[in-house]
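Reviewing the structure listed below.
The values are calculated or read from the model by the stated rules, or taken from the named source; none is laboratory data. No experiment lies behind these values; they were computed from the predicted model shown. As a convention, Cβ positions derive from the backbone with ideal geometry for all residues, glycine included, and neighbour counts pool all protein chains shown. Accessible surface areas use protein heavy atoms only, side chains included; no ligands, DNA or RNA. Shrake-Rupley method; radii C 1.70, N 1.55, O 1.52, S 1.80 Å.
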Amino acid sequence: MRQAAAVDGFRLEYDRHGAGPGVVLLHGWPGDRTDYRDVVPLVSAAAEVVVPDLRGFGGSDKHDPADASQYSAPAQARSVAALIGEAGLEHPVVAGYDIGSRIAQALARDYPALVRALVLAPPLPGIGRRILGPDAQREFWYQQFHQLGLSTELIDGRPDAVRSYLRHFWSHWSGPGFEPDPARQEHLAGVYAPPGAFAASVAWYRAGAGAVARSLAEQEPEPAGRLALPVTVLWPAHDPLFPPEWSDRIDAFFARAALTRLPHTGHFVPAEAPADFAAAVIAATRRGPGPEAPPAS
C-alpha cells in the first residue's frame, strides 16, 4: 500500500495486516519494513499492524538528501503520524529498534495524544558521553563515515559495494548463534543498490539524528518532563553498539518504563528474537495507558 497524502513531499509505502488494536512497527538501518517479517504474523493474530518503510527507505519516497533535515527524527515522525491518521488507527502501540526507536520516541514526544504505548529496543536516552569511549568509538565509526560525501561516492549505486557493506553490519551487530539469512541479505542489497537509495538512507545521519549526535546533545529532563506513556524496553545482551550497562538511566527519561533483558540477542531484536518482540507488543496493546508500569531494573 502507499500513503495517499504526501507529508513534506514524502509518501510512505507500507503493509497492513490483521485486525484489533492498532500497532505500528518502525524498522532500523540498514533495513526496511521486512525487518518485521517474523514479528508480523505473531502480532497480527491479535492486532491490526501497519509496517511502513520510513522516508528514504524501501518503497517510500526518496528525495534529494541535500536537505537532510527532511530525514530527521521529527520529520520522520510527521510522516508516521499522518500515516496513523490516514490508516484510522486509534492510539496505537508504536514499536521500533535502531532508528525506528528514535523515531518512535520523537512521535511520542511530538504527538503525545496519538500513541498508546511504546515498545523499544536500543538506542535509548541515558547514554551521554559514554558514547565517546574508545570501545564505543570503534563501533560508531560508520556514523562519521556517513557524514562524508566519500561514503556515497564509494557505495551509492554500486551493488557489490552495497552488498558487502550491509553484510558487514548484519553479521557484526547480530548476537551469537544468529546467522543472517542470505535471501534477506540479497533483498536488502537490492533495495539499497539503486542510485540514490544508499544516499537517502544515510541522510538520517547527515541530519544529526545518529546515536553519537543524539547522545551528546541529550539533557536529563525534570521529573515532570519525562515521557509519561508506558514504555517497554527490550535490551539485548550482545549488541556491540549499546551494551547492557547503558540501560542504567532509563528512568531518568521515562516515567513509566519496564526493562526486559534479552540474554541471547544482538542488535537486530525483531529478527533475532521475534517471539519476544511480538509478546511485548501484544502485552502493550492489552495494558494500554493503564496503571503505572513497574520500574526499570
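Summary of computed values
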quantity: Answer from 42, 107, 89, 114 - the residue that is in a helix (DSSP H, G or I) and either surrounded by fewer than 24 Cβ atoms within 10 Å (Cβ to Cβ) or β-branched (Val, Ile, Thr) (or both); calculated: 42
quantity: Given (1) more than 16 Å from residue 99 (Cβ to Cβ); (2) touching a Leu at 6+ places or on another chain (Cβ under 9 Å); (3) not in a helix (DSSP H, G or I), number of the condition residue 282 does not satisfy; calculated: (3)
quantity: Matching residues in segment 117-138 - criterion: being aliphatic (A, V, I, L, M) and either in a loop (DSSP other than H, G, I, E, B) or surrounded by fewer than 15 Cβ atoms within 10 Å (Cβ to Cβ) (or both); calculated: 121, 124, 127, 132
quantity: Given (1) in contact with a Pro (Cβ under 9 Å, 6 or more places away or on another chain); (2) touching a residue at least 60 places away in the same chain (Cβ under 8 Å); (3) of a type in the set (S, T, N, Q); (4) not in a loop (DSSP other than H, G, I, E, B), index of the condition residue 152 fails; calculated: (2)
quantity: Only one of 163, 206, 226, 158 that is surrounded by 15 or more Cβ atoms within 10 Å (Cβ to Cβ), of a type in the set (Lys, Arg), in contact with a Phe, Trp or Tyr (Cβ under 8 Å, 6 or more places away or on another chain) and more than 18 Å from residue 124 (Cα to Cα); calculated: 206
quantity: Which listed residue, of 75, 66, is among the aliphatic types (A, V, I, L, M), touching an Asp or Glu at 6+ places or on another chain (Cβ under 9 Å) and under 14 Å from residue 9 (Cβ atoms); calculated: 75
quantity: Residues of segment 239-257 satisfying the condition of being more than 20 Å from the chain's Cα centre (by Cα) and open to solvent by less than 20 Å² (accessible area, probe 1.4 Å); calculated: 252
quantity: Failed condition for residue 2, given (1) under 26 Å from residue 163 (Cα atoms); (2) open to solvent by 10 Å² or more (accessible area, probe 1.4 Å); calculated: (1)
quantity: The one condition in (1) part of a loop (DSSP other than H, G, I, E, B); (2) under 17 Å from residue 259 (Cα atoms) that residue 101 fails to fulfil; calculated: (1)
quantity: The one condition in (1) open to solvent by 20 Å² or more (accessible area, probe 1.4 Å); (2) part of a helix (DSSP H, G or I); (3) under 24 Å from residue 94 (Cα atoms) that residue 219 fails to fulfil; calculated: (2)
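Rundown of residues vs (1) assigned to a helix (DSSP H, G or I); (2) open to solvent by less than 50 Å² (accessible area, probe 1.4 Å); (3) on the phi < 0 side of the Ramachandran plot; (4) out of contact with any Ser or Thr (no Cβ under 9 Å at 6 or more places or on another chain), yes/no style:
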| site | (1), (2), (3), (4) |
| --- | --- |
| 191 | yes, yes, yes, no |
| 194 | no, no, yes, yes |
| 201 | yes, yes, yes, yes |
| 234 | no, yes, yes, no |
